[in-house]
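Please treat every number below as a calculation from the coordinates, not as lab data. For clarity, every value in this text was computed on a predicted model and none was experimentally measured. Cβ coordinates were reconstructed from backbone atoms using ideal geometry, including for glycine residues, and neighbour counts include every protein chain displayed.
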2 protein chains.
Amino acid sequence: MASSTEENYLKVLFNLTQEKTEVPISELATHLGVSMPTVNSMIKNMQKNDWVIYEKYKPVTLTEIGKKTAALIVRKHRLTEMFLVNKMGFGWEEVHEIAEQIEHIHAKKFFERMDEMLGFPTVDPHGSPIPDKQGRIQELHYKNLSLAQAGNQVILSALADSSSDFLEFLNSRELKLGMELKILSREPYDSSMTVSYGDRKSETLSEKVCEKLLVRLVE
Amino acid sequence: MASSTEENYLKVLFNLTQEKTEVPISELATHLGVSMPTVNSMIKNMQKNDWVIYEKYKPVTLTEIGKKTAALIVRKHRLTEMFLVNKMGFGWEEVHEIAEQIEHIHAKKFFERMDEMLGFPTVDPHGSPIPDKQGRIQELHYKNLSLAQAGNQVILSALADSSSDFLEFLNSRELKLGMELKILSREPYDSSMTVSYGDRKSETLSEKVCEKLLVRLVE
DNA sequence: GTATAAAGTTAGAGGAATCTAACAAATAAA
DNA sequence: TTTATTTGTTAGATTCCTCTAACTTTATAC
């Protein structure tokens, strides 16, 4: 069984391999906040446990077992976030840190009970998919808000950034998942967008913000 | 700040010093499931951190700081047990293992929210007192059922043993905290007691069981 | 009150996870 | 294509928590 440390390595690998499949040692080091030699030696151990594929000077890949193990940790993390928000009244900007710790609890029953109480949710409070008990993750094909056209109606469905800074920004604009946004215009110069939603008639969102908002089009 | 390991040492010391104030190394070793040399060296470290008082060949005592630190860990443990039972529907026999892990979470907010949701409880599901935020613990002066007299009416208020074996035994007899028991008789030969409670007209409880049941007399 | 047993200590070692310093390989720039 | 930069590796050390083996002190029994 993976130690807490190994679980963190697996989780970071899982998150980074959602885009590309291979992850360089340096990237792991920065995301984990440890030195490259530390990652190097840790990855060698994890290779022995058949969690990763690794060759000298090459980037790291997860094995199938590694992927599943990682997905089950992410499952615990996201279920926990959902529980903290929906059952304990935390804000979506507060739950990441707490879930980082609870995800390492070894008590199946605990997470199964959460799952049940939540009605078997498929996404977390930031719209990220919750892997199922087999570690399978459904691909959500949302679109970047920055790619939408003036005149489109979209539903804010997920976030590409769950940092508390960004979440607090969204709070300040009363932006929540599930909201319908109307794209009023798009400024060609800086790619900012002016949108309306809820009670807000006209809000301008920078390109940086739009790129972090994942939406689906309303037909 | 205490590591998880140190937290476990503190917690065991706290529990063992509820009876007597001094704890021999050997006792710590058995309760923690580690060897005596391990305890010996760990206790030396903890002494440096001013959590325990220790002299060669002498038993260990908690300092005031140690007591408070320990009480706050016990607080997290007992709040968690209460949460698991009252808010998540677990049985009182299932919660100890889970709480053993959750007690090491460093997220004040998380436990404060539990406390709030539970309405600031003062005892856990086994009747043990929950230390307050300052680490103060109220002395509950319950009596051992084995000391009660035939004819007494008592309220089952706490348990001197929270092992799952014992809890499952109590489940099988439908014994729950808060129940009123009538002591019908006491067998002088083996100190067993015959009692009635709830729908049960006559149940015989061995001395061993009676010693683990803490009650208060109904005036 | 000595002898035996139990409890406690010291010494030395090992695994996990981390670091820094020094070196090697791969990649990018000139 | 040689040079410089970035990335990755090796070696060696450190801290935390643990062990076993050997020894010492304290407590118990006769």
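Against the globular-protein guess of 2.2 N^0.38 Å, express the Cα radius of gyration of segment B:40-136 as a ratio, rounded to two decimals.
Numbers: Rg = 15.3 Å, N = 97, 2.2 N^0.38 = 12.5 Å.
Rounded to two decimals, the normalised Rg is 1.22.
Treating only the Cβ atoms of Lys and Arg (+1) and Asp and Glu (-1) as charged, compute the dipole magnitude of the protein assembly as shown about its Cα centre; round to the nearest 20 debye.
200
Extending each Cα 7 Å along its Cβ direction at A:Lys133 and A:Lys108, get the distance between those two points in nm, one decimal.
Once both label points are built, they end up 0.8 nm from each other.
Stretched out fully, how many nm does the piece from A:Asp199 to A:Thr63 gain, at 0.36 nm a residue minus the Cα gap?
Length gained, A:Asp199 through A:Thr63: 44.1 nm.
Per residue Cα convex hull volume for segment B:106-157, in cubic angstrom?
99
With an 8 Å Cα cut-off and a minimum separation of 6 or more residues, compute the relative contact order for chain A in percent.
Values: 326 pairs, mean separation 34.2, N = 219.
The normalised contact order for chain A reaches 16 percent.
Would you kindly compute the Cα radius of gyration of segment B:143-217 and its largest Cα-Cα separation (Dmax), both in Å?
11.0, 30
Over the Cα atoms of the protein assembly as shown, how large are the radius of gyration and the largest Cα-Cα distance (Dmax), in Å?
27.6, 95
Can you give the Rg and Dmax of segment B:4-62 based on its C-alpha atoms, in angstrom?
My reading of the Cα-based Rg and Dmax gives 10.0, 26 Å.
Find how many whole Å separate the alpha carbon centroid of segment A:9-51 from the alpha carbon centroid of segment A:96-125.
About 24 Å separates the Cα centre of segment A:96-125 from the one of segment A:9-51.
To the nearest 20 Debye, how big is the dipole of chain A about its Cα centre, given +1 on the beta carbon of each Lys and Arg and -1 on that of each Asp and Glu?
The dipole magnitude comes to about 540 debye.
Give me the percent relative contact order of segment B:4-62, please, defined on Cα pairs under 8 angstrom at least 6 residues apart.
Relative contact order, segment B:4-62: 34 percent.
So what is the relative contact order for segment B:143-217, in percent, with contacts set as C-alpha pairs under 8 Å and at least six apart?
Value for segment B:143-217: 44 percent.
To the nearest 20 debye, what charge dipole does segment A:4-62 have about its Cα centre, counting +1 at the Cβ of each Lys and Arg and -1 at the Cβ of each Asp and Glu?
The dipole of segment A:4-62 has a size of about 160 debye.
Find the lysine pairs in segment B:4-62 meeting two conditions, Cα atoms under 16 Å apart and a separation of 8 or more places or different chains, and report how many there are.
For segment B:4-62, qualifying lysine pairs total 5.
Sort shortest first the distances from A:Pro188 to its counterpart in every other copy, using label points 7 Å along the Cα-to-beta-carbon line, and give them in nm.
10.7
Sequence gap of 8 or more, or different chains, plus Cα separation below 16 Å: how many lysine pairs satisfy both in segment B:143-217?
Number of lysine pairs found: 6.
Please work out the ratio of the alpha-carbon Rg of chain B to 2.2 N^0.38 Å and round it to two decimals.
Values: Rg = 19.1 Å, N = 219, 2.2 N^0.38 = 17.1 Å.
For chain B, the normalised Cα radius of gyration is 1.12.
List every residue whose amide H lies under 5 Å from the amide H of A:Val60, counting only residues 5 or more places away in sequence or on a different chain, with H placed 1.01 Å from N in the peptide plane.
Under 5 Å from the amide H of A:Val60 lie the amide H atoms of A:Val23, A:Ile25, each far enough along the sequence or on another chain.
Considering every pair of different Cα atoms, what Kirkwood radius, in Å, is found for segment A:31-75?
With all distinct Cα pairs of segment A:31-75 included, I get 11.1 Å.
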